[in-house]
Amino acid sequence: MEGMIPNLRELHEKLLQAAPLHEDLRTCAALLAPCLPGEPAKGSGSELAVCGENVPAPWAPRDVTLLKLSLIQILILKTDNLCTKRHIRCQYSHLLDLLQQAGIEATIIRLSNTSDKVLSHISSKCLSYLVLYQLKYQNEVNAHWLQFCLYSLCQDPGSQTLIPCLTSLVCVCKGFLTDEKLQKADRLLMILVPLENVFERHFSTVITFLSNPPCQPLALVGEPSGHLSCLLDFIETLVALRTQLKLNVSLCKQVVSAILPQTLNIISSPVPYFVKKQVILVLKRCLLCKAGEDFLPSTRILSHQQDAMLDKDMAALAGTLLGAVQEGWLLQVPVSDRSSSFGGVNEGSAHGPDLVILGATCLSVLKALEIQVHNGESGQTEVLALGLLMAHLLKFLKHHIEWKEPVHPCEWVSLTFIEQDDDMLEVAKCLLKMYQHNPSLCSQSTSCDSENSIWSGSSHQSGSDPHCVFLFMLGNVSFDSSVLLDFLISSETCFLEYLVRYLKLLNSDWPRFCLTCSLFDKSRNFQPQQEQSVKATPIQSDCIRFPNLSPTPMDIGRPASSFVGHTKHLAPSPLGALQRLVDYDSSDSESESESADSKQGPVIAHSAGADSTDIDKHMKKLELTAHGSISSPSQPSAQAGGNTCHGQGTQQRAVQCLEDLQEAINRLHRKKLFPYNPSALVRLLSHVSSLSTEYGGMHVLPEQPATKI
């Protein structure tokens, strides 16, 4: 036995280096074969016949078993790696065949069923690697593993075998999502088809168990809570298979249409906080068609193409969620008074609401409403539905975030998503799309004396006015165009689509934008002192002064005085003080010719009739072709910028920010540093400058209805 550890160490070094094995492969197989501590190994006639006795200190039998399982994983990875030399891969493959002939799967399954959580987890991972290897190179499903999964899913909630079973299933399904060589429907069907009836029945049993009145919170603190977390991981993985691989098998359909709606019941069940938080996050990612974004390779773009069947299932899920919201589901969503991680808390963090679960809940509800609006027809019913649901949503937020009064309802986006740029832009896009879909959401008057009427419009009362949301967003970044440029270049946000949509709205809804800006100037101290930099201090929520707001539906059932307080839970927006991701102005080597070119106005690479740029193609895919109704600006951007003063008002600062963004895009595009051709986007920005130059701060113009998409 004294020779076991040195031999394992030597084998470990060779595997890490992908070096050839000079020992007899059967000896290596006997060395690697794991067994339960205290049980004799199957190999006979070898000094390694026993793995659980006389292990030299400080090694324990458990440690030896864990080391062997880790070495088997490395062996599988090196065999699958194309960087490993061909003859060495053949040798490693033969070693794996010997281990399979010795029945290694049955042993690993037994190890995964032990009460030792570390040993159980490592065994499940090792088993998953082996199953994926057999699927990839032998085109068959491991019968022992599949039978183990079917048996485990038939057990009652709380069974010891459920967590290793679900862990292995998640790992195998993720392998299909991350390895293109495995993405064949017939291989995946060999796994999912036998699980269809068993998994749905198992999940229904779990929900029934949680809904049972005798069930107490203490009974779900241990294994059952871990079981629920693994279940949610598996559900998200199945949704990712549906959206990414377009896998319309029965099990993936059931998850979206039948199983996901049942997860809403977990919120009212006696389970730990981290499980309820995971439910909200999984629901958000599934509604956004971003399931699996945490484990998909960064080089892979999330697919947004949906088929008709998926749209139908998503509409059913959205309808279930909205129905639950109307019945008071939001009141059951827990919000911790501090951020939590993996079921624990960060003792050093400042006290405050968990903005992650607040934001995920709001985004889920809004996305569900967007799906319902997209599938329905425009009309007054949608306006009432939006107002009612936003009333529930704002009441939910006011219960957890202390807002100083008087407060404008549209500021909830900036306050809730102050630390989550991607979700903030998703919410802004959802609100904008619903506004554009139904022109009835906007107020009907744009005259100078219509200040009270515009604030009492349905879009403002419901906290969904796109101009207010955009201005609050600019205020949070101190009107810094470099932050917008970071958003525009980043692939982690939907800012490109949002900005294009908003600029198109701005070009057709300029009067209302001007009126909104003037009301901002009258109702709050929205700009810093003229001698201060634009980046000086982000907008604080205690600067709000909106005196003419009438009582809104959101205030029903809650006295106005209950919202008065200090916003101690909310830190100032960090975006305005962030260092730029890229120093876009540090071009010391810029030639004089480039400097001269910069004075010639914006770069417009194509005429208004052209449609061959990369961004044009992207926007056409999104049905956002920009140049169809946008004429070329009559004045260059530089001239427009010369007529605006930095600190004169909200409108001037907003226009100046967009002009600075246009100038930065032009500069990067000339140096071929911009990631795509921005001609269509530049045309939209130029037209905003043209409108600002032509009409200035006037907002008495013939009203044009919002674009219906």
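Before moving on, here are some points about what is shown:
- In the range 479-491, residue surrounded by the fewest Cβ atoms within 10 Å (Cβ to Cβ) [restricted to those that are at pLDDT 90 or above and in a loop (DSSP other than H, G, I, E, B)]: ASP480
- Selection count where residues are in contact with a Lys or Arg (Cβ under 8 Å, 6 or more places away or on another chain) and either surrounded by 20 or more Cβ atoms within 10 Å (Cβ to Cβ) or at pLDDT 90 or above (or both), scope the range 245-259: 3
- Boolean, ARG62 is open to solvent by 70 Å² or more (accessible area, probe 1.4 Å), modelled with pLDDT of 60 or more and closer than 21 Å to GLU105 by Cβ: yes
- Odd one out for ASN438 among (1) at pLDDT below 85; (2) open to solvent by less than 10 Å² (accessible area, probe 1.4 Å); (3) more than 23 Å from HIS374 (Cβ to Cβ): (3)
- Selection count, the range 87-132, where residues are among the aromatic types (Phe, Trp, Tyr) and open to solvent by less than 50 Å² (accessible area, probe 1.4 Å): 1
- Test: residue in the range 302-317 that is over 29 Å from SER491 (Cα atoms), in contact with a Ser or Thr (Cβ under 9 Å, 6 or more places away or on another chain) and modelled with pLDDT of 85 or more: yes
- Criterion: at pLDDT 90 or above, of a type in the set (A, V, I, L, M), touching a Gly at 6+ places or on another chain (Cβ under 9 Å) and part of a helix (DSSP H, G or I) - qualifying residue of VAL469, VAL500: VAL469
- Looking across GLN262, GLN278, one residue alone is in contact (Cβ under 8 Å) with a residue 12 or more places away in the chain and open to solvent by 40 Å² or more (accessible area, probe 1.4 Å). It is GLN262.
- Unique match (being at pLDDT 85 or above and either outside any helix (DSSP H, G or I) or touching a Gly at 6+ places or on another chain (Cβ under 6 Å) (or both)) among ASN197, ASN139, ASN212: ASN139
- Among (1) surrounded by 15 or more Cβ atoms within 10 Å (Cβ to Cβ); (2) part of a helix (DSSP H, G or I) - the single one SER159 does not satisfy: (2)
- TYR273 passes every criterion in (1) open to solvent by 30 Å² or more (accessible area, probe 1.4 Å); (2) more than 25 Å from SER491 (Cβ to Cβ); (3) at pLDDT below 90 apart from (3).
- Of all residues in the range 162-187, those satisfying the criterion of being surrounded by 22 or more Cβ atoms within 10 Å (Cβ to Cβ) and either without any contact (Cβ under 8 Å) to a residue 60 or more places away in the chain or polar (S, T, N, Q) (or both) are PRO164, CYS165, THR167, SER168, VAL172.
The values are calculated or read from the model by the stated rules, or taken from the named source; none is laboratory data. As the structure is a computational prediction, the values presented were derived from the model and not from experiment. FYI the Cβ positions are ideal-geometry reconstructions off the backbone, even for glycines, and counts take in every protein chain you see. These area figures cover heavy atoms from the full protein model, side chains too; ligands, DNA and RNA do not enter into them. Shrake-Rupley method; radii C 1.70, N 1.55, O 1.52, S 1.80 Å.
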